[in-house]
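Undergrad: Submitted below is the structure of interest, expressed as structure tokens.
The values are calculated or read from the model by the stated rules, or taken from the named source; none is laboratory data. None of these values were measured; they are calculated from a predicted model. Using ideal geometry, Cβ is built from the backbone for each residue, glycine included, and neighbour counts are taken over all protein chains shown.
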């Protein structure tokens, strides 16, 4: 029978392992249920979601055309295109179906995984720690999904359009491998989801004293340069609009990281307060 740790109860080492075992079991079962659901709706998942950026009819491309018409900037609207994928492996499509089901399921159950982790650790936390940790878990989920959304709806389509339609010569047609497309989708999506955790990471590092608000402000110009380089690597296009679309959210996240980071003086004060509360709890 599934167990969770209850507050105010001291568990032995083996009881903790039992609780951890059921925690992992529930996560695995939830993941398998989502995998089966995704696997069953193959046509919708692949035709309407995974392969949607391959056509100029995708939402983001149509939005660019509306902006181009609004601001009288026709170069912003991409020309009509339809990129075709090829499969060169006998079991390629089957393996893509399976691996995609697991990958998408992993993205979807991130909040549940964090919730299970919260249920596991929260009985061991002090009341003042629970509020901080709860906010961190919620912020992590929100920022991860925000990164996934930005990647899927903006950055990945821009990358696909540029690389999928780029030609060194008209004599060389593009034949994009299915595995290459899926690999790029996985890498960009998970990378942006993790990169969007920057404010949470900055808060945690400042909490333990490795960085502080003054330090992040001091290296702001260098950080902006690094973010521009990252933007160029993620979206290898030449137009400034694409670079701005990628660099702007990353820079805003850096500014948010500065905002949530602890000042040096405040860090020292909180450390002293934590030590006093810990000593009082021991007494």
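Undergrad: In this structure, does residue 97 turn out to be surrounded by 13 or more Cβ atoms within 10 Å (Cβ to Cβ) and free of Cβ contacts under 8 Å to residues at least 12 places away in the same chain? Please lay out each step first, then the result.
TA: Numbers: surrounded by 13 or more Cβ atoms within 10 Å (Cβ to Cβ): yes; free of Cβ contacts under 8 Å to residues at least 12 places away in the same chain: no.
Judged against the criteria, residue 97 is not a match.
Undergrad: Please determine whether any residue of the stretch 145-157 is more than 18 Å from the chain's Cα centre (by Cα) and in a helix (DSSP H, G or I).
TA: no
Undergrad: Do you know which of the residues in the stretch 57-73 that are in contact with a helix residue (DSSP H, G or I) (Cβ under 8 Å, 6 or more places away or on another chain) and part of a loop (DSSP other than H, G, I, E, B) is surrounded by the fewest Cβ atoms within 10 Å (Cβ to Cβ)?
TA: Out of the qualifying residues, it is 73.
Undergrad: Looking only at the stretch 140-149, filter to residues that are at pLDDT 90 or above and in contact with a helix residue (DSSP H, G or I) (Cβ under 6 Å, 6 or more places away or on another chain); which one of those is surrounded by the most Cβ atoms within 10 Å (Cβ to Cβ)?
TA: In the first step, residues of the stretch 140-149 are kept if they are at pLDDT 90 or above; the result is 142-149.
In the following step, the residues that additionally are in contact with a helix residue (DSSP H, G or I) (Cβ under 6 Å, 6 or more places away or on another chain) were identified as 144, 147-148.
Details: 144: 22, 147: 25, 148: 20.
Looking at residues that are at pLDDT 90 or above and in contact with a helix residue (DSSP H, G or I) (Cβ under 6 Å, 6 or more places away or on another chain), I get 147.
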